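Data first, discussion second: the structure below is written as structure tokens.
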Number of protein chains: 4
Amino acid sequence: MNDSIQALTQRIVAFRDARDWKQFHSPKELSVAIAAEAGELLQHFVWQSTEQSVQRAIDRKQEIASEMADVAILLMELADVLNVPLGEAVADKLARNEERYPADKARGSNKKYNEL
Amino acid sequence: MNDSIQALTQRIVAFRDARDWKQFHSPKELSVAIAAEAGELLQHFVWQSTEQSVQRAIDRKQEIASEMADVAILLMELADVLNVPLGEAVADKLARNEERYPADKARGSNKKYNEL
Amino acid sequence: MNDSIQALTQRIVAFRDARDWKQFHSPKELSVAIAAEAGELLQHFVWQSTEQSVQRAIDRKQEIASEMADVAILLMELADVLNVPLGEAVADKLARNEERYPADKARGSNKKYNEL
Amino acid sequence: MNDSIQALTQRIVAFRDARDWKQFHSPKELSVAIAAEAGELLQHFVWQSTEQSVQRAIDRKQEIASEMADVAILLMELADVLNVPLGEAVADKLARNEERYPADKARGSNKKYNEL
């Protein structure tokens, strides 16, 4: 399967346009939907210990993958609406994080870059 | 640039492992981080009308792209941790949505599939 | 009914302690649960226009009130755990917002205080 | 200080009306704002262990109390807009949770009621 973000985005946009849904999918509405779907993903792990969350992720893999797909689809659609090449945005952010979190300083630490 | 999810995921995992961060990145913690970043994305559009959100998305494109990249990076890392092929999960969800939202029934409607 | 935050908090803490749940309810876990419940509340309004959301809030009043109660309960419990007098925190924030958003400057505007 | 929800709500509504903000504060918009503020609260605890979160909550008490106040203010305003008596909704939910989570069955367990 071609899992390039560009190819997936084309399928997502075709799906949306076949339903004439662009009118509902403003940047704001897409961001609202992303937050709501991220909340559904989070719901799986409320009150769980780290160990329990690992087991739950195995037991509920299909459901969790489906929530993740929802977030991914909305994110790719938002990127398309905003003319943001999402793959490049990811690469840019990784480059910025390389600077913010130098490997030798950040190794084994869960501190934020401005607290390192 | 190769924007396949698989290629991007390799870069993300390499970044994480160079910092020995896997210990902090359980499925639960990644889901918490995704929700927090989705909240930052949403923050841009609070109280805005649809029209204002379109303009804001143009004015703050770099910042917004950066929040989107954060969500995308965490999502690809979570998919890797859970052994979920994210591109396939997206394709599966689109197929399921094709059934839930038949184009002729869903056209121009913002109703949920169970209310169509 | 006595709807003081203090009185409600006593009932919430008694409920929690009768179940020996304090061990699970760290500040982090309570914040995770609040975000997840806020996501459920948001879910009701995804893709809805403002007008539709007004109607939906009427049609689903019980369900929505139940989501709101979840957020409120968790918030009061978090305040108790952190020794934050929530009523005072609300009063303090309103006082701060009086300064940030002077009525004559903020009237009819949906701008953030740092953009007024 | 009178920390009844009703008294606090009166102050919140007076603040809003002095700024003519009701036009922006539909049920949907208030729910969006609640989710965004819950995200800010969550942001404090991302990647933190339970123990770290306890310490952070002490170190950042003022900031965290301020985020909590934001959520509380918006929630009380939403309750007012929807004509939901929030104190009663909390009491109702506690009563429902008494049934869902009988103390002898739920003691020391972090399972959901439908998994108990």
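Numbers for the structure displayed
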item: Per-region count, segment B:79-90, residues within 7 Å of chain A (Cβ to nearest Cβ) and either buried (at least 18 other Cβ atoms within 10 Å of the Cβ) or over 18 Å from A:Gln6 (Cβ atoms) (or both); result: 7
item: Yes/no for B:Glu37 being within 14 Å of chain D (Cβ to nearest Cβ), more than 20 Å from A:Gln23 (Cα to Cα), at pLDDT 95 or above and touching an Asp or Glu at 6+ places or on another chain (Cβ under 8 Å); result: yes
item: Single unsatisfied condition, A:Ile73 versus (1) closer than 26 Å to A:Ala33 by Cβ; (2) facing chain B (nearest Cβ under 7 Å); (3) surrounded by fewer than 18 Cβ atoms within 10 Å (Cβ to Cβ); result: (3)
item: Some residue of segment B:35-56 being part of a helix (DSSP H, G or I), exposed (fewer than 15 other Cβ atoms within 10 Å of the Cβ) and of a type in the set (D, E, K, R); result: yes
item: Qualifying residue in segment C:21-28 (condition: touching an Asp or Glu at 6+ places or on another chain (Cβ under 8 Å), within 28 Å of A:Ala33 (Cα to Cα), assigned to a helix (DSSP H, G or I) and in the same structural domain as C:Leu8 (by TED's automatic domain parsing)); result: no
item: Residue match in segment A:65-84 (condition: outside any loop (DSSP other than H, G, I, E, B) and at pLDDT below 95); result: no
item: Positions within segment B:1-34 being within 24 Å of A:Trp47 (Cβ to Cβ) and exposed (fewer than 15 other Cβ atoms within 10 Å of the Cβ), in sequence order; result: B:Lys22, B:Gln23
item: Members of segment B:85-116 that are among the aromatic types (Phe, Trp, Tyr) and in a helix (DSSP H, G or I); result: B:Tyr113
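Conditions tested, residue by residue: (1) within 30 Å of C:Lys111 (Cβ to Cβ); (2) touching a residue at least 12 places away in the same chain (Cβ under 8 Å); (3) within 14 Å of chain D (Cβ to nearest Cβ).
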site	(1), (2), (3)
B:Ile12	no, yes, no
B:Gln23	no, no, yes
B:Ser26	no, yes, yes
B:Val32	no, no, yes
B:Leu41	yes, yes, yes
B:His44	yes, yes, yes
B:Thr50	yes, no, yes
B:Val54	yes, no, no
B:Gln62	yes, no, no
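The values are calculated or read from the model by the stated rules, or taken from the named source; none is laboratory data. Please read all numbers here as calculations on a predicted model, not as lab measurements. Positions of Cβ are generated from backbone atoms using ideal geometry, with glycine treated the same way; all protein chains shown enter the neighbour counts.
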